[in-house]
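Worksheet: one structure, shown below.
What follows is calculated from the coordinates using simple rules that are stated; it is not laboratory data. Being a predicted model, the structure only gives us computed values, none of them experimental. Heads up, the Cβs are rebuilt from the backbone with ideal geometry, glycines too, and the neighbour counts pull from every protein chain shown.
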Amino acid sequence: MDINKILAVAKDIDPTASLIEYREQWTLVLTDKASIVPLLDALKSGGYFDMLTDITAIDWATKQPRFELVYFLCSVPNKDMLRISVPIEEDACSCQTAEGVYPSANWYEREVWDMYGITFDGHSDMRRFYMPEDFFNAETGEQYHPLRKDFPLTGIPDSLPLPPFPEKTGIVVEY
């Protein structure tokens, strides 16, 4: 993989793009979320990466911007991989869909929305992937997204009975 050519393509779209190398793996860091779809299109049409293998997110909780979208690209003929990282603000928690470039983005984007609450503008079928459609706070009406750092560690209060805690009750249950 000629990483300098890939960086040149990225800098044509996002002049502030940079590369990070860690243990012979490359991450392309963008600063503008509007540049992700044009970059994916340029990398695919340029013959650099023919497959999108995953999209995930990171919730930094206290850091700004709070979220980071990470796209994983693969070149089957060249046996190369590349990560692309894009910051997402909590206030504008959305990004353009990559479905038009990589159709496989459909399911990955649904998963990211379901788990993190990041929406994808222009997505053809933005609905829950793992959680039920009625997975929301009954008091506030807000959707729950379980991989966000502000989701309760023990789950939704009173939604499921918790197992007995022998440390608290002194009762040992034999199974």
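Miscellaneous remarks
- Here is how the number arises for the chain: DSSP H runs of 4 or more residues each give -39500 (n - 2.57), the sum is divided by the residue count, and the result at 222 nm is -6000 deg cm²/dmol.
- Coil-residue trypsin sites (Lys or Arg not before Pro) of region 3-91, DSSP, other Cβ within 10 Å capped at 16: 23, 63, 79
- Fully extending the segment from residue 135 to residue 150 would add 3.9 nm, taking 0.36 nm per residue of separation and subtracting the current Cα-Cα distance.
- Normalised contact order of region 29-125, rounded percent, pairs of Cα under 8 Å and 6 or more residues apart: 28
- Built amide H within the under 5 Å cut-off of residue 136, gap 5+: 144
- Interchain or long-range residues, amide H under 5 Å from residue 53's placed H: 72, 73, 74
- Relative contact order for region 3-169, counting Cα pairs under 8 Å that sit 6 or more residues apart, in percent: 16
- For the chain, the longest principal axis of the Cα atoms and the long axis of helix 36-45 meet at an angle of about 50 degrees.
- 3J(HN,Hα) along region 47-52: x, 7, 9, 9, 9, 9 Hz, from the Karplus curve 6.51 cos²θ - 1.76 cosθ + 1.60 with θ = phi - 60°, whole Hz, x for Gly and Pro.
- Each 5 Å bin, from zero up to the one with the longest distance, holds this percent of the alpha carbon pairs of the chain: 1, 7, 15, 18, 16, 12, 9, 6, 5, 4, 3, 2, 1, 0.
- From phi via Karplus (6.51, -1.76, 1.60), per-residue ³J(HN,Hα) for region 85-94 in Hz, x at Gly/Pro: 10, 10, x, 10, 6, 5, 5, 10, 7, 8
- Derived scalar couplings between HN and Hα for region 21-26 equal 10, 9, 6, 6, 10, 9 Hz in order, rounded to whole Hz, by the Karplus curve 6.51 cos²θ - 1.76 cosθ + 1.60 (θ = phi - 60°), x for Gly and Pro.
- Folded to 0 to 90 degrees: helix 105-116 orientation relative to the chain principal axis, Cα: 40
- Spin-label proximity, residue 45 to region 1-37 - amide N less than 19 Å from point 7 Å beyond Cα toward beta carbon: 5-15, 34-37
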